[in-house]
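So the structure is just underneath, and the comments pick up after that.
The values are calculated or read from the model by the stated rules, or taken from the named source; none is laboratory data. In this text the structure is predicted, and so the values were computed from the model without any measurement. So basically every Cβ, Gly included, is an ideal-geometry build from the backbone, and we count neighbours across all protein chains shown.
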Amino acid sequence: MAKVSPGRLDLRLAPSAILTWAVSLGAAYLPPLWTGVVCAALAVAACLLFAARAGVPRSRRTFPATLAVAFLFGAAVAAHAAAEAGPRQDGPVADAAAARDSVVIHVLIVGDPRELGTDSRGSGRWAVPAEVIDIAADGMLIRSRTRILLTGGEGWDRVVTGQEVRTAGKLKPAKPGQVEAGVLAAATPPMRPDSRHKPEALGNIPQGPAQLKKQFRTAAEWLRGDAAGLLPGMVTGDTTSLDEGLEAAMKTTGTTHLTAVSGANYEAPYG
């Protein structure tokens with residue numbers, strides 16, 4: 001690439017950033033087939049630009065090369081999105097959600113509960129990201145590792161990342177743009193995963209890890225800047241105090257594993 005003159009604004013990375021974000025957003029709403037078509041089109045366009053660059057004077061090669069690199073990044077994002085969307089939109093969990101079946105489900109909690117507000121009785125409602133382990137629906141047992149979103153009331157504010165729980169409810173399709181394959185409206189509090197025949201509320205499980213996370217978060221509040229939210233995330237996986245700007249920057253740079261892996265390792269012995 002050509003050198004940039006001193007004082008001149010370098011925008012060569014802008015097309016790559018804009019295109020990858022645009023493809024990521026569009027892929028959340030497109031069927032996997034169309035996302036694959038976008039991937040192929042971008043890859044072909046990149047190859048044509050690289051081929052055309054050979055016949056362009058050296059001083060004018062920067063622009064086609066910049067676009068070609070942007071198209072390659074976009075194709076890579078589209079390929080990944082198509083591979084991820086296939087099981088989410090066309091898998092057995094998505095089929096059960098489309099049928100709006102009442103199910104019994106065994107899941108792994110993969111995120112912190114988020115408060116949704118209150119129901120008609122004034123009780124709190126919570127949304128909890130989870131990963132399916134198995135689902136009993138319509139006389140069949142479905143085994144999958146697909147992401148879903150759980151919504152429920154009593155007890156769902158006390159679940160922690162890394163726990164395995166069992167519950168029952170109605171599985172519904174996710175809204176367009178959601179990363180989950182479905183949304184389960186839980187009709188019961190979270191239960192122990194081995195309590196199929198004799199239900200036992202999860203609330204009887206000691207909440208040691210959750211309490212320790214809260215104490216660690218409180219102890220880190222004296223730190224200044226991003227450290228107050230980042231340290232609990234890196235030690236216990238608690239990202240509730242993480243600054244939104246820092247969280248977005250971590251997603252952009254692919255460093256969210258620094259908190260996600262720590263949380264999983266911290267909670268796993270208590271699941």
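Residue 143 - would you say it is crowded, with 18+ Cβ neighbours inside 10 Å, in the same structural domain as residue 189 (by TED's automatic domain parsing) and over 23 Å from residue 241 (Cα atoms)? Spell out the reasoning first.
Values: crowded, with 18+ Cβ neighbours inside 10 Å: no; in the same structural domain as residue 189 (by TED's automatic domain parsing): yes; over 23 Å from residue 241 (Cα atoms): yes.
No, not satisfied.
Kindly indicate whether any position in the stretch 102-112 is in the same structural domain as residue 182 (by TED's automatic domain parsing), of a type in the set (Ser, Thr, Tyr) and under 12 Å from residue 184 (Cβ atoms).
The first filter runs over the stretch 102-112 and keeps only residues in the same structural domain as residue 182 (by TED's automatic domain parsing), leaving 102-112.
Cutting the leftovers down to of a type in the set (Ser, Thr, Tyr) gives us 102.
Cutting the leftovers down to under 12 Å from residue 184 (Cβ atoms) gives us 102.
Looking through the stretch 102-112, at least one residue is in the same structural domain as residue 182 (by TED's automatic domain parsing), of a type in the set (Ser, Thr, Tyr) and under 12 Å from residue 184 (Cβ atoms).
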